[in-house]
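The values are calculated or read from the model by the stated rules, or taken from the named source; none is laboratory data. All values reported here derive from a predicted model rather than from experimental measurement. Heads up, the Cβs are rebuilt from the backbone with ideal geometry, glycines too, and the neighbour counts pull from every protein chain shown.
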Amino acid sequence: MNGMVLRLILRRLLQAALTLLLVSAGVFFITNLLPGDAAQAALGQAATPETVAALRLQYGLDLPAPLRYAQWLGNLLSGNPGMSLVNNVPVAQMIGGRLPASLMLAAVTAAVSVPLALVLGIVSAMYRGSTFDRVVNVSAVSLVSVPEFLVATVAVMIFAVKLRWLSALSHATDATTVAAFVKAYAMPVMTLCCVIVAQMTRMTRAAVIDQLRSSYAEMALLKGVKRTRIVLRHALPNAIGPIANAVALSLSYLLGGVIIVESIFNYPGIATLMIDAVTTRDMPLVQACSMIFCAGYLLLVLAADVLAIVSNPRLKTR
Amino acid sequence: MSKQENGRHPAAGQIITGDTLEHAQGGFTRRDMMRTLLAGSLMTVSGTGLLSASGAAMAQAAQTGKRGGKMRIATQTSSTADTLDPAKTAHSTDYTRVHMFYNGLTKLDSKLGPQMVLAEEMLTTDAITWTVKLRKGVNFHDGKPLVPADVVYSLMRHKDPATASKVKVLADQIESVKASGPNEVQIKLTSANADLPVILATAQFLIIRDGTTSFTTANGTGAFKIKEFTPGVRTIAVRNENYWKSGLPYLDEVELFGIPDEAARVNALLSGDVHWINDVNARSTGRVKSTPGYTVMETKSGQYTDLVIRQDVAPGNSMDFTLGMKYLLDREQIKMAAFRGYAVTANDQPIDPTNRFYFAGLPQRPYDPDKAKFHLEKAGVLGSTIPLVASVAATGSVDMAVLMQQSAAKIGLKLDVKRVPADGYWSNQWMKVPVGFGNINPRPSADILLTQFFKSDAQWNESGWKNAQFDQLVVAARGETDFAKRKQMYADMQTLIHEKGGLGIPVFITNLEGINSKVKGIEPVPLGAFMNYTCAEYVWLDA
């Protein structure tokens, strides 16, 4: 089995490299289709033909697009993601300041939401049709239907403005003590959990129920195995594949899709960085961010697949 | 200032020094300057006089001002394009940031009159050649003293297109800047402009060290030193212990960052996380006002969002179309619906009532569907569909467009409101679409506004309006010595724009800021938020 997993990983990594190449080309040429370039975006209302031309020259935007792409790709392969056009700072430095914050938020959210979702999903699958199951289902669907900006804003109004327990902004950089850490992360994490727990819970529930309906689970039940044991020992290992994929999808969202939470709580993550880059037409930064999001997504999906294979009892005995 | 006061300074051939200017409470006005210097006199705007003029306020501040504390300011925008280069500053966050670290030669007071800062006095006889005496004993944060070369470099770099300065258009009227003594520079303009001290008070003209090309840090003469600057995240400034204005600043530390979402910004204020926010939506004013310990500061200003009808293409090439559209603007409704009453009715011309050249005698153009119908019928557009481009980039324009659409439908004109994203609006839509919207921030003087936005050859002549009579008036008013005559000229220009221009200006928008009541020492300047972006230096926190 080890050989198989290794081959899969290798093949996937090759595919990932190809995907990244295609995505980078796609992002580059699509962003080029956007109206205006970095020079015009930087000057805004104050753009004159003269200053725009001078800035284009400074930014290297006078070169043809394919050449710029080739240059960027060459630099990236040698480990240099280039300089930001807008403020002349290395892209690596700009991302270096923001990526850890994003990863931290994602990690804390994952640490809270994944166990919560798994427990809720498994328990509601075990007692499907019960009041508990219905409550979980209805609240999951309601929560996932409420847009996160509403959840975040209402949370801020209650906990920060009215009760004054928490701060309206997430001062993650100042979080040196445990109390400050909890204060900084409580609301962003809560908001994000509302979004992703629901999805993972429902997927977990569906996957476990699917297994419980199968003949081997029925067999185990007939043989008198306890319900907890059937779920944990028999059904769950077979359900890990779809669950891992649902978790991977939710987590990849945490990396690049948390723009609303970042902006409401003034959390300096990488999603806002990418939005900034697009608005200022800062191509090297856009490219670098999209590469990170894409690579993160591919890695998570790969991890989910590997986990599914490794945990599959049928493959274990081989 | 009234006409009688003119009599107090019969200017011809006299040297007016700062000490005689104390009548100009709150600053020496541009009109005085214009009148005196163009009458051929040698005039001085001196630091001492101006300081004594505002000396009472300063002394009072020194008594009650409390040292210490950290103030947090949240603005409406922040991105990776944030900069420490004054020339590239683009919005309130940038202006507020650079004003903490740098000083200008001059600044504007609450009446928009120029006050001396790094300049001790500015002398001229013809408004073309200006001698600027620099303040002594001013040091940059790195300890180097301020010398004429710094001023020469700071001003001349705007003329180089490679600097990509936002004020290149203004700087182009500077012909040369030369050191003319150990503490003196000479500025030569291409043509007379008595408003130079006003122009030099804009954020882009702040003084940097000679030869500075890298702006990863800020080395200025300002009240604060830089502690942290992360574009798109935050700026932290700490007190400059060696600041040349004794006793200032009061605050130990200032943290400046952007919260683009308005609701989040108001929440941050009301939860006590920040002390001062700008760009408060009129909808939120009730919430802020009803919370004890917080106030809304209203500043009437010349900011406007205007309907722009290009006069060089159809349908705007028909004067009847333009007039019809102007009659379709229901100003009261726009004021109430789009701005919740936080606006002042305007009259299709850009000079607002806070400006001393405002022409109150111009008859107000009403909302008149019948007249609109008459003109639009004459233009032959009734029954057809006209695209109207609006965007959140131009504040309130989407609401205005929808209101116009409703009024137009009643008289048989179909306006197709095209709502376009803010992203790229200024480079791709503004001044390019036949009928759209613009948003113009207040300018420090009527002359700058009219020169930049209305003269036939203006860079941002929004409607492509060409009028030879108007162009002559702009230049003549710049050189007119008699205030009454000058005012009459500006009145004529306002009438011309009102009647023939391609702009519908329904209202002037009131600036709204939310402030924690602990912040003291606030003196609003009707040009920009945060006391025209200089608040960090002057305010203090009451415990």
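Things to note:
- Strands (runs of 3 or more DSSP E) enclosed by the stretch B:209-327 - at least 2 residues per element that are surrounded by fewer than 24 Cβ atoms within 10 Å (Cβ to Cβ) and not hydrophobic (A, V, I, L, M, F, W, C): B:224-230, B:234-239, B:253-258, B:294-299
- Residues that are of a type in the set (Lys, Arg) and either away from chain B (no Cβ under 14 Å) or in contact with a Ser or Thr (Cβ under 9 Å, 6 or more places away or on another chain) (or both) number at least 1 in the following helices (runs of 4 or more DSSP H) confined to the stretch A:209-318: A:313-316.
- Any hit, the stretch A:184-196, residues being crowded, with 22+ Cβ neighbours inside 10 Å and touching a His at 6+ places or on another chain (Cβ under 8 Å): yes
Yes or no, residue by residue, for (1) surrounded by fewer than 17 Cβ atoms within 10 Å (Cβ to Cβ); (2) aromatic (Phe, Trp, Tyr); (3) at pLDDT 95 or above; (4) part of a loop (DSSP other than H, G, I, E, B):
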| position | (1), (2), (3), (4) |
| --- | --- |
| B:Asp457 | yes, no, no, yes |
| B:Asn461 | no, no, no, yes |
| B:Leu473 | no, no, no, no |
| B:Gln488 | yes, no, no, no |
| B:Glu499 | yes, no, no, no |
| B:Pro524 | no, no, no, yes |
| B:Phe530 | no, yes, no, no |
| B:Ala543 | yes, no, no, yes |
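- Residue count, the stretch B:393-433 (criterion: of a type outside the set (D, E, K, R) and in a loop (DSSP other than H, G, I, E, B)): 14
- Boolean, B:Gly436 is in a loop (DSSP other than H, G, I, E, B), modelled with pLDDT of 90 or more and more than 25 Å from A:Asp276 (Cβ to Cβ): no
- Applying the condition of being out of contact with any helix residue (DSSP H, G or I) (no Cβ under 6 Å at 6 or more places or on another chain) and under 13 Å from B:Gly424 (Cα atoms) to the stretch A:1-41 and asking which residue is farthest from the other protein chains (Cβ to nearest Cβ) yields A:Leu33.
- Of the helices (runs of 4 or more DSSP H) entirely within the stretch A:1-119, those holding at least 1 residues that are surrounded by fewer than 18 Cβ atoms within 10 Å (Cβ to Cβ) and of a type outside the set (Lys, Arg) occupy A:2-33, A:49-59, A:65-77.
- Hey, B:Ala201 of a type in the set (A, V, I, L, M), more than 14 Å from chain A (Cβ to nearest Cβ), part of a loop (DSSP other than H, G, I, E, B) and touching a helix residue (DSSP H, G or I) at 6+ places or on another chain (Cβ under 9 Å) or not: yes
- Residue identified as of a type in the set (Asp, Glu) and in contact with an Asp or Glu (Cβ under 8 Å, 6 or more places away or on another chain) among B:Asp252, B:Asp279, B:Asp261: B:Asp279
- Restricting attention to the stretch B:170-181, the residues that are surrounded by fewer than 19 Cβ atoms within 10 Å (Cβ to Cβ) and either under 14 Å from B:His158 (Cβ atoms) or at pLDDT below 90 (or both) add up to 5.
- Flag for B:Asp261 being within 12 Å of another protein chain (Cβ to nearest Cβ) and in contact with a Leu (Cβ under 6 Å, 6 or more places away or on another chain): no
- Pairs meeting the criteria (first residue in the stretch B:449-474 and in contact (Cβ under 8 Å) with a residue 60 or more places away in the chain and within 21 Å of B:Asp352 (Cβ to Cβ), second residue among the β-branched types (Val, Ile, Thr) and part of a loop (DSSP other than H, G, I, E, B), beta carbons under 8 Å, at least 6 apart or on different chains) are B:Leu449/B:Ile351.
- Options A:Gly97, A:Gly82: the member that is in contact with a strand residue (DSSP E or B) (Cβ under 9 Å, 6 or more places away or on another chain) and closer than 21 Å to A:Leu255 by Cα: A:Gly97
- So B:Ile448, is it within 14 Å of chain A (Cβ to nearest Cβ) and assigned to a helix (DSSP H, G or I): yes
- None of B:Glu255, B:Glu241 is under 21 Å from A:Leu169 (Cα atoms) and either out of contact with any His (no Cβ under 6 Å at 6 or more places or on another chain) or more than 11 Å from chain A (Cβ to nearest Cβ) (or both) except B:Glu255.
- Residue in the stretch B:511-521 that is within 22 Å of B:Gln349 (Cβ to Cβ) and in contact (Cβ under 8 Å) with a residue 12 or more places away in the chain present: yes
- Residue check for B:Leu206: away from chain A (no Cβ under 14 Å), closer than 22 Å to B:Thr93 by Cβ and under 19 Å from the mean Cα position of the chain (by Cα): yes
- Here A:Arg205 meets each of (1) crowded, with 19+ Cβ neighbours inside 10 Å; (2) of a type outside the set (A, V, I, L, M, F, W, C); (3) within 13 Å of chain B (Cβ to nearest Cβ) with one exception, condition (3).
- A:Ala152 touching a helix residue (DSSP H, G or I) at 6+ places or on another chain (Cβ under 6 Å), away from chain B (no Cβ under 14 Å) and small (Gly, Ala, Ser): no
- Given (1) in contact (Cβ under 8 Å) with a residue 60 or more places away in the chain; (2) assigned to a helix (DSSP H, G or I); (3) of a type outside the set (Gly, Ala, Ser); (4) buried (at least 19 other Cβ atoms within 10 Å of the Cβ), number of the condition B:Thr495 does not satisfy: (4)
- Where B:Trp465 falls short, out of the listed (1) at pLDDT 90 or above; (2) outside any loop (DSSP other than H, G, I, E, B): (2)
Residue-by-condition table, conditions (1) under 22 Å from the mean Cα position of the chain (by Cα); (2) hydrophobic (A, V, I, L, M, F, W, C):
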| site | (1), (2) |
| --- | --- |
| B:Thr64 | no, no |
| B:Thr89 | yes, no |
| B:Tyr95 | yes, no |
| B:Phe101 | yes, yes |
| B:Gly113 | yes, no |
| B:Val138 | no, yes |
| B:Ala171 | yes, yes |
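- Restricting attention to the stretch B:67-77, the residues that are in contact with a Phe, Trp or Tyr (Cβ under 9 Å, 6 or more places away or on another chain) and within 11 Å of chain A (Cβ to nearest Cβ) add up to 2.
- Residues in the stretch B:342-369 that are more than 20 Å from B:Phe453 (Cβ to Cβ), surrounded by fewer than 19 Cβ atoms within 10 Å (Cβ to Cβ) and out of contact with any Pro (no Cβ under 8 Å at 6 or more places or on another chain): 7 in all.
- In the stretch B:370-392, the residue that is modelled with the lowest pLDDT out of those that are touching a strand residue (DSSP E or B) at 6+ places or on another chain (Cβ under 7 Å) and crowded, with 16+ Cβ neighbours inside 10 Å is B:Ser391.
- Note on the stretch B:417-445: residues that are more than 12 Å from chain A (Cβ to nearest Cβ) and touching a strand residue (DSSP E or B) at 6+ places or on another chain (Cβ under 8 Å) amount to 9.
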